[in-house]
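S.K.: My structure is below; once you've seen it, I'll send some questions.
The values are calculated or read from the model by the stated rules, or taken from the named source; none is laboratory data. None of the values given here were measured: they were computed from a predicted structure. Positions of Cβ are backbone-derived with ideal geometry, glycine not excepted, and every protein chain shown enters the neighbour counts. Side chains included, ligands, DNA and RNA excluded: accessible areas come from the protein's heavy atoms. Shrake-Rupley method; radii C 1.70, N 1.55, O 1.52, S 1.80 Å.
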Amino acid sequence: MAEERKQEAPVKRLERNLKYEGNILNVYEDVVEVNGHIAHWDFIHHDGAAAVVPVTDEGKILVVRQYRNALNRFTLELPAGKLDAPDEPKIQCAYRELEEETGFRTENMEYLISVNTTVAFCNEAIDIFVARDLIPSRQHLDEDEEINVEAWELKDLEELIYSGKMTDGKTIAGILAYGRKYGRS
């Protein structure tokens, strides 16, 4: 039998101080006690988000190509977005983001997987859904968004992942989970 682990937490948060309040996140400095030592840790709070694997009737996956300032380049990603309010159901966010970013809506949304994007310093959690039976609508982009929609075969997206050309964590998780769950045709 394995030895039982010590029950008391080796880390105790003593303080949480807001350092920056932004549009999509808040940055804090946490003062923590770790094994009797005082440490200062960065913590980023994010209300959460939803992403969608939109699947066409032909079995292709819709992805969006958009500029990402943090990387200073365009990326290919699943459509996704932050919650409008901390208590917004993530599936509601998924329905909204699907239509806003791709110009398609659906009445057939299914939960796929949840991911925490950056566990070392951020609590962002994204639920990823699969959307089928897509209904043409129109994009509803923000003024500062330029998003192009592309339809890809699953195998080609997997190749981008394994060649290191696709690096967005939520997109990788969503595509690989979709491929594993629904297999190959």
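S.K.: For Q139, only one of the following conditions fails: (1) open to solvent by 20 Å² or more (accessible area, probe 1.4 Å); (2) over 16 Å from L76 (Cβ atoms); (3) in contact (Cβ under 8 Å) with a residue 24 or more places away in the chain; (4) in a strand (DSSP E or B). What is its number?
M.R.: Just one mismatch for Q139, condition (4).
S.K.: Write out, first by first residue and then by second, each pair whose Cβ atoms fall under 8 Å of each other, whose residues are 6+ apart or on separate chains, and whose first residue, in region 21-48, is under 18 Å from A80 (Cβ atoms) while the second is in a strand (DSSP E or B) and open to solvent by 90 Å² or more (accessible area, probe 1.4 Å).
M.R.: Pairs found: none.
S.K.: Scan (1) open to solvent by less than 30 Å² (accessible area, probe 1.4 Å); (2) closer than 24 Å to G22 by Cβ for the single condition K90 breaks and write down its number.
M.R.: It is condition (1) that K90 fails.
S.K.: So if I check each of I44, I24, which one is among the aliphatic types (A, V, I, L, M), in a loop (DSSP other than H, G, I, E, B) and either farther than 28 Å from A94 by Cα or open to solvent by less than 100 Å² (accessible area, probe 1.4 Å) (or both)?
M.R.: Answer to the selection: I24.
S.K.: Okay, next question. Working only within region 147-185, note down all residues that are part of a loop (DSSP other than H, G, I, E, B), modelled with pLDDT under 95 and in contact with a Lys or Arg (Cβ under 9 Å, 6 or more places away or on another chain).
M.R.: R184
S.K.: Continuing with this model, one more query. With the condition kept exactly as written, say whether any residue in region 74-95 is in contact (Cβ under 8 Å) with a residue 60 or more places away in the chain, among the acidic types (D, E) and either in contact with a Pro (Cβ under 8 Å, 6 or more places away or on another chain) or within 21 Å of D47 (Cα to Cα) (or both).
M.R.: yes
S.K.: Would it be correct to say that N123 is touching a strand residue (DSSP E or B) at 6+ places or on another chain (Cβ under 9 Å) and over 13 Å from A51 (Cα atoms)?
M.R.: So N123 fits the description; yes.
S.K.: Check whether at least one residue in region 118-135 is part of a strand (DSSP E or B) and open to solvent by 70 Å² or more (accessible area, probe 1.4 Å), and report yes or no.
M.R.: So far as region 118-135 goes, no, none of its residues is part of a strand (DSSP E or B) and open to solvent by 70 Å² or more (accessible area, probe 1.4 Å).
S.K.: Turning to a different aspect of this structure: Which one is farthest from the chain's Cα centre (by Cα), of the residues in region 34-54 that are aliphatic (A, V, I, L, M) and more than 20 Å from R13 (Cβ to Cβ)?
M.R.: V53
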